[in-house]
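Below is one structure, written out as structure tokens; comments come after it.
The values are calculated or read from the model by the stated rules, or taken from the named source; none is laboratory data. These numbers come from a predicted model, not from an experiment. All Cβ positions, even for glycine, are placed from backbone atoms using ideal geometry, and neighbour counts span all protein chains on display. For the accessible areas, the whole protein counts, side chains as well, though only heavy atoms, and no ligand, DNA or RNA atoms are used. Shrake-Rupley method; radii C 1.70, N 1.55, O 1.52, S 1.80 Å.
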Amino acid sequence: MPCMTKLQFKNKWVLVTGASSGLGAEIARQLAANHGANLILLARRKDKLEQLKSELEGNTGVKVKLLIADLSKPGEVDQALDDILADDQLYAAVLNAAITHFGPHRDLSWTEYETMLQTNVNAVVRMTNRLTTYFENNNHEGGLMIVSSMAALIPIPYQAVYSGTKSFLLGFATALRFELKNKNFSITVFTPGGIETEMTEGEKFNDLRNWLTPVSQVAKDGLNAFEKRKLTHIPGFSNKMGAFLIKLLGRKFILTRMSSIYKSSLLKSEKSK
Ligand SMILES: NC(=O)c1ccc[n+]([C@@H]2O[C@H](COP(=O)([O-])OP(=O)(O)OC[C@H]3O[C@@H](n4cnc5c(N)ncnc54)[C@H](OP(=O)(O)O)[C@@H]3O)[C@@H](O)[C@H]2O)c1
């Protein structure tokens, strides 16, 4: 891989998808406050994005544009990309939006799984294709960070489709990085473990709460890896240890234990209803 200079976000336009809550909102806050980046924030909830826009413009003086789009709808993904690329100003993008379902696989209908696949996989591949073409064809400097998960390395029972989507992203984006011709453009895959966000709210996660990391720490770690144009990045000691242990002890051993821990957390939340 070619030697590259670090990404420098100051006064540049950076897209963050899934910026209305959790990791995306925190990445946006840190990009504005610590890096002076101008932001394009994308999600479905307009009110949340508007709140964040006025917070960031008021506190940091950066410019913020909003894109209200539902990434589970292919037409809206394409329209968003047209808007993002229209003025040829994009420097970087964090493809972070995703959904999960924590519960038995049989609980969701096929339509609900299609929505998850479209949001977590199809929209990310579509956006990556268009953004990569933009950076490669124009020889623009910049970077793309795809938010995967530790679930890509250690698949999570009771979040089977979600784990599959995150594995897909890891394989897809790491392979693609080695096809890039523009030496000033990089793709980074970020694989955080459990984070305190809306995704892990609710009683189902009660037994797993000790495993969750504050979102500000995870966002800082991810942006640091992105800035350095790392190929992949696992944040935190316990996640790195998890990735090591699954190699050492094997998937069957680790997943048998994880399965019983996740099942017990689910059952306790069912009983308390
Ligand atoms: N939380 C964890 O434990 C954890 C662990 C590892 C990796 N991750 C990854 O971190 C990323 C962020 O997750 P989070 O924990 O911050 O979850 P979150 O708080 O639920 O945020 C998810 C974001 O995605 C957006 N989103 C969901 N569906 C969308 C759609 N159809 N169209 C547009 N935007 C959509 C949501 O916005 P709207 O609802 O407003 O559209 C929201 O801004 C995800 O990729 C997730 O897989 C999370």
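Taken over the range 160-187, the residue count meeting the criterion of being open to solvent by less than 20 Å² (accessible area, probe 1.4 Å), within 14 Å of the ligand (Cβ to nearest atom) and polar (S, T, N, Q) is 2. Criterion first (surrounded by fewer than 15 Cβ atoms within 10 Å (Cβ to Cβ) and either part of a helix (DSSP H, G or I) or modelled with pLDDT of 95 or more (or both)) does K6 satisfy it? Judged against the criteria, K6 is a match. Please indicate, with yes or no, whether at least one residue in the range 16-28 is open to solvent by 50 Å² or more (accessible area, probe 1.4 Å) and either within 16 Å of the ligand (Cβ to nearest atom) or assigned to a loop (DSSP other than H, G, I, E, B) (or both). The answer is no, given that none of the residues of the range 16-28 is open to solvent by 50 Å² or more (accessible area, probe 1.4 Å) and either within 16 Å of the ligand (Cβ to nearest atom) or assigned to a loop (DSSP other than H, G, I, E, B) (or both). Residues in the range 126-173 that are closer than 30 Å to P104 by Cα, assigned to a helix (DSSP H, G or I) and not hydrophobic (A, V, I, L, M, F, W, C): 8 in all.
Here the range 38-81 is the region considered, the condition is being part of a loop (DSSP other than H, G, I, E, B) and over 19 Å from the mean Cα position of the chain (by Cα), and the residue that is surrounded by the most Cβ atoms within 10 Å (Cβ to Cβ) is V62.
Taking the range 195-240, which residues are open to solvent by less than 30 Å² (accessible area, probe 1.4 Å) and in contact with a Phe, Trp or Tyr (Cβ under 8 Å, 6 or more places away or on another chain)? Answer for the range 195-240, where residues must be open to solvent by less than 30 Å² (accessible area, probe 1.4 Å) and in contact with a Phe, Trp or Tyr (Cβ under 8 Å, 6 or more places away or on another chain): F205, L208, L212, G222, A225, F226, H233, P235. Condition check: touching a Lys or Arg at 6+ places or on another chain (Cβ under 7 Å) and either modelled with pLDDT of 95 or more or part of a helix (DSSP H, G or I) (or both). Does L266 satisfy that? Yes, satisfied. Does S260 qualify as being buried (at least 17 other Cβ atoms within 10 Å of the Cβ), among the hydroxyl-bearing types (S, T, Y) and more than 14 Å from the ligand (Cβ to nearest atom)? Answer is no for this residue.
Residue count for the range 82-95, restricted to those that are assigned to a helix (DSSP H, G or I) and in contact with a strand residue (DSSP E or B) (Cβ under 8 Å, 6 or more places away or on another chain): 2. So, in the range 83-102, of the ones that are surrounded by 12 or more Cβ atoms within 10 Å (Cβ to Cβ) and away from the ligand (no atom under 15 Å from the Cβ), which residue ends up nearest to E201 (Cα to Cα)? If we take residues in the range 83-102 being surrounded by 12 or more Cβ atoms within 10 Å (Cβ to Cβ) and away from the ligand (no atom under 15 Å from the Cβ), then A92 is nearest to E201 (Cα to Cα). Of all residue pairs spaced 6 or more apart or on separate chains, those with beta-carbon atoms under 6 Å, a first member in the range 261-272 that is under 17 Å from Q159 (Cα atoms) and among the aromatic types (F, W, Y) and a second member that is modelled with pLDDT of 90 or more and open to solvent by 20 Å² or more (accessible area, probe 1.4 Å) are Y262/P157; Y262/Y158. Looking across the range 133-152 at every residue that is more than 21 Å from T119 (Cβ to Cβ) and either in contact with a Lys or Arg (Cβ under 7 Å, 6 or more places away or on another chain) or within 12 Å of the ligand (Cβ to nearest atom) (or both), the one that is least open to solvent (accessible area, probe 1.4 Å) is identified as G143. Residues that are within 24 Å of S265 (Cα to Cα), within 20 Å of the chain's Cα centre (by Cα) and assigned to a loop (DSSP other than H, G, I, E, B) within the range 195-251 comprise E196, T197, E201, L212, P214, G236, listed in sequence order.
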